[in-house]
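Down below is the structure, laid out as structure tokens.
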Amino acid sequence: MAERKVPAVEQVGRILLYLAKSPRFKVKLTDIARDLGIHKSRVFYILNTLKEFGLIEKDPESKAYSLGPALIFMGEKVLDNLDFKDKAERTLKALAKETGCTAFLGRIAEDKVYVVAKEYADDGVKITIPLGYRFPSNYGALGKVLLAFSQDLKGTGAFSEEELEKCRRLGFAMDIREVDPRFSSVAAPVFDRYGKVVAIIFLVGTFNEEQAHQYGQKVAKAAKDFTKAIGGSL
């Protein structure tokens, strides 16, 4: 069965790609319509709509169109994601090998932590949290890190200020079988270039509190190194 397409969306895509590939920085409406074979009035309405979202700019003098500044942020997001995946694999593999735990990278979006990468140790307990799994902002060590280091979030009452301050002082958070009696976890924040928490590196295993302190230091160092690797600010 052939995939269905939405004609209007397809035309939007063709127009954006056309402007991106054009040797001219600014292109007139008539040229876009002619080269793409789309009716001039249709192109006009699409460009005006895209302009509302900052995806297109219109020169008031020449009336020509160019790609808008909103695409810069989209491009940065794509590059960030590619960078994250490549660098995360090396970092998580090293942590898993050193500790015998399962190592994860969680990206933060809408006050939630989404699992985007994981690596298992060759020997040890394999924690099967699926990619894409979403943790709430008050969940164990992840929640402590999120609330302790995020400037946008305030405590929900799940953790005391004393716990959050300890997390800031150590540079990592611990959950010794608090959420799940079978497992413990340690977590540390990853920052972007503006000093905002954008991800969390964490380990999950069957370790005790003494081991948690040792593993926490390793995770904190890995998170700091990862922050530097992606151009973040500590």
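Data for the structure
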read-out: Test for Val198: is it β-branched (Val, Ile, Thr), in contact with a helix residue (DSSP H, G or I) (Cβ under 7 Å, 6 or more places away or on another chain) and not in a loop (DSSP other than H, G, I, E, B); value: no
read-out: Breaking point among (1) of a type outside the set (Val, Ile, Thr); (2) on the phi < 0 side of the Ramachandran plot; (3) over 36 Å from the mean Cα position of the chain (by Cα), for Lys58; value: (3)
read-out: Ala158 being part of a loop (DSSP other than H, G, I, E, B), surrounded by 14 or more Cβ atoms within 10 Å (Cβ to Cβ) and either among the aromatic types (Phe, Trp, Tyr) or assigned by TED's automatic domain parsing to the domain that holds Ser185 (or both); value: yes
read-out: Segment 40-54, subset in contact with a strand residue (DSSP E or B) (Cβ under 7 Å, 6 or more places away or on another chain) and closer than 14 Å to Arg14 by Cα, residue surrounded by the fewest Cβ atoms within 10 Å (Cβ to Cβ); value: Leu47
read-out: Contacts under 8 angstrom Cβ, first residue in segment 84-102 being at negative phi and surrounded by fewer than 20 Cβ atoms within 10 Å (Cβ to Cβ), partner in a helix (DSSP H, G or I) and at pLDDT 95 or above, 6 or more apart; value: Ala94/Ala222; Glu98/Lys218
read-out: Filtered residue count, segment 181-212, keeping only those that are surrounded by fewer than 15 Cβ atoms within 10 Å (Cβ to Cβ), touching a residue at least 12 places away in the same chain (Cβ under 8 Å) and more than 16 Å from the chain's Cα centre (by Cα); value: 4
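The values are calculated or read from the model by the stated rules, or taken from the named source; none is laboratory data. Since the model is a prediction, treat every value here as computed from it, not as a measurement. Note that each Cβ is placed from the backbone with ideal geometry, even for glycine, and that neighbours are counted across all protein chains shown.
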